[in-house]
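Trainee: One structure, pasted below without further comment.
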Amino acid sequence: MTRLLAGQPPDRLAVAVSGGGDSLALLGLACAWAAERGCRIHALTVDHGLRPEAGDEALLVAREAMRMGAQHDTLRWTGWDGKGNLQAAAREARYGLMREFCARQGIGAILLGHTLDDQAETVLMRLARGSGVDGLSAMAEGRFGQDAILRPVLGEARADLRIWLSRQGMRWIEDPTNDDPRYDRVRVRRLLTQLAPFGIDASRLAETAKAMARARQALTARAADVAQAIVTDRHGLLIFDRDRLSGVEEETRLRLLAHGLACLSGARYRPRLASLSGVLGNVLAGQGGTLQGCRFLPGRGRVLIVREFRAVDGVAVPADGRVFWDGRWRISAPHHPGATIRALGEAGLARIARPALLPHAALLSWPGVWAGDRLLAAPDLFNTGEITCEYAASAGFHAAIKSH
């Protein structure tokens with residue numbers, strides 16, 4: 001905790017507690033640590049509404065939390081529509097609900113009970129999917145002030161945490177899905193026991209994750225240095241010097257393109273390597289392409305990455321300075337109540353003078369402020385005195401390269 005909090009112990013922290021052994025052990029350890037430092041602990045349990053016993057499990061956690069001196073809150077999810085991957089949807093909902101709670105309460109970080117065994121299982125699953133350095137670096141401990149998620153027991157074995165719980169006389173809940181072979185993680189957990197005689201155990205795989213994390217840090221730093229020399233960010237238009245891009249190693253090229261896509265599209269995950277490599281080949285050959293809701297536009301000695309128009313066509317938010325349009329632009333038009341932000345498209349471009357150095361296709365997806373069918377303004381292009389604009393820091397190419 002001292003390392004993760006970087007010498008800045010906060011007055012409050014949240015702990016995600018399902019009632020399983022890992023999270024209950026973390027809650028107990030966190031409460032013992034916090035009691036000596038004047039830090040209040042909030043235990044958060046998410047009831048997904050998918051199992052009838054979930055309510056009773058939340059009550060068990062509430063009782064244990066009270067006994068340890070922690071405040072407890074149950075957060076309920078009611079958003080499952082029966083479509084897509086249930087586990088992925090439940091995970092996203094869980095993190096979303098906890099982040100929202102912490103934002104309302106002014107809590108700076110959530111502690112998760114991921115263990116050494118979870119780390120090893122993650123490495124094996126990502127290895128099976130063909131992940132590279134970034135994927136095999138698996139989960140990070142996190143640092144307070146930089147990350148909203150901290151994992152204080154990532155270096156501890158699951159069995160050791162249960163021994164500690166037993167010595168405290170604490171009860172925990174065994175999730176039946178932990179033995180269900182339909183789930184990848186369960187099959188990987190069983191595979192680990194078979195690999196142990198060959199020296200491939202949880203500790204060895206966790207060390208591999210640490211090595212990959214160090215490599216990732218070095219590769220990211222290299223990409224950031226190269227980016228300063230070859231990439232110009234015009235808030236939504238990324239201009240790459242194609243000749244210089246062709247002169248750097250392939251790993252750095254791929255990282256720069258993937259980061260550009262993440263900045264513009266807001267996608268949480270990189271595209272598949274085969275797709276990214278294919279676009280990179282087109283770019284270096286002076287050709288265009290599309291990927292992850294973005295377009296690559298070739299030019300003389302350069303390539304532009306812009307948002308694809310069809311990815312934002314129809315996306316509209318109020319121009320009141322409160323909501324980010326496409327996750328990137330927050331625009332206020334104080335003299336035009338009721339105005340909305342939506343892409344310029346052909347109708348908007350017909351009303352403005354396009355900058356000579358920017359191709360027509362680069363501005364189709366540019367934000368405009370509209371009153372019905374009337375274009376009122378567009379950032380950096382048209383009637384800029386009528387609006388105030390903010391471009392999200394998370395979408396800034398150079399500022400965000402080390403955090404994506």
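Trainee: Based on alpha-carbon centroids, what's the gap between the range 13-36 and the range 276-349 in Å, whole number please?
Mentor: The distance from the Cα centre of the range 13-36 to that of the range 276-349 comes to 43 Å.
Trainee: Right, here's the next one. Please work out how much length the chain gains when fully extended from Asp179 to Arg222, using 0.36 nm per residue of separation minus the C-alpha to C-alpha distance, in nm with one decimal.
Mentor: Taking Asp179 through Arg222 to full extension adds about 11.2 nm, to one decimal.
Trainee: Which value in Å does the Kirkwood hydrodynamic radius of the range 310-392 take, with 1/r averaged over all unlike C-alpha pairs and then inverted? Display every interim value, and only then the final one.
Mentor: Details: mean 1/r = 0.0799 Å⁻¹.
One decimal place: 12.5 Å for the Kirkwood radius.
Trainee: Highest mean first, what order results for 316-324, 365-373, 241-249, 130-138 on Cβ atoms within 10 Å? Provide the component values of the computation, followed by the final result.
Mentor: Working: 316-324: 16.2, 365-373: 20.9, 241-249: 14.3, 130-138: 18.2.
Highest to lowest by the protection proxy: 365-373, 130-138, 316-324, 241-249.
Trainee: Oh, and also: Mind putting together the pair-distance distribution for the range 220-307? All Cα pairs, 10 Å bins, whole percent per bin, short to long.
Mentor: For the range 220-307, the pair-distance distribution reads 18, 60, 22, 0.
Trainee: Sticking with this one: Helix 202-230 sits at what angle to the longest principal axis of the chain, using alpha carbons and giving 0 to 90 degrees rounded to 10?
Mentor: Around 20 degrees separate the two axes.
Trainee: If I stretch the segment between Asp160 and Arg63 completely, what's the gain in nm (0.36 nm per residue apart, minus their alpha carbon distance), one decimal?
Mentor: Net length gain for the segment: 32.6 nm.
Trainee: Between Arg129 and Arg244, with labels modelled 7 Å along Cα→Cβ, what's the label distance in nm to one decimal, could you check?
Mentor: Label at Arg129, label at Arg244, 3.3 nm between them.
Trainee: Right, something else. By how many degrees, 0 to 90 and rounded to 10, does the Cα axis of helix 116-128 deviate from the longest principal axis of the chain?
Mentor: 40
Trainee: Further question: For Arg12 and Arg310 in one chain, what is 0.36 nm times their gap in residues minus the Cα-Cα distance, to one decimal in nm?
Mentor: Residue separation times 0.36 nm, minus the Cα-Cα distance, leaves 102.9 nm.
Trainee: What order do you get for 71-78, 305-312 when each peptide is scored by the mean count of other beta carbon atoms within 10 Å, highest first?
Mentor: On the way: 71-78: 15.6, 305-312: 20.4.
Going by the mean number of other Cβ atoms within 10 Å, highest first, we get 305-312, 71-78.
Trainee: On each of the three principal axes of the Cα atoms of the chain, give max minus min coordinate, whole Å, ordered largest first.
Mentor: 74, 53, 44
Trainee: The range 74-223: Rg/Rh from Cα coordinates, Kirkwood Rh? Mind dumping the intermediate values first?
Mentor: Numbers: Rg = 17.2 Å, Rh = 17.5 Å.
That ratio is 0.98, to two decimals.
Trainee: Another question, then. Grab the DSSP H runs of the chain that are 4 residues or longer, score each as -39,500 (n - 2.57), total them, divide by all residues and round the 222 nm result to the nearest 500 deg cm²/dmol. Show your work: numbers first, answer last.
Mentor: Details: 16 runs with 172 residues, N = 404.
Mean residue ellipticity, 222 nm, calculated: -13000 deg cm²/dmol.
Trainee: Then there is this: Could you give the angle, 0 to 90 degrees to the nearest 10, between helix 184-195's Cα long axis and the longest principal axis of the Cα atoms of the chain?
Mentor: Long axis of 184-195 versus the principal axis of the chain: about 60 degrees.
Trainee: Taking the Cα-to-Cβ direction at Gln87 and at Glu36 and moving 7 Å from each Cα, how far apart do the two end points lie in nm?
Mentor: Taking the two extended label points, one gets 3.8 nm.
Throughout, read-outs are computed from the coordinates displayed, never taken from laboratory work. Predicted, not measured: the structure shown is a model, and the values here were computed from it. Here the Cβ is made from the backbone with ideal geometry for all residues, glycine too, and neighbour counts use every protein chain on show.
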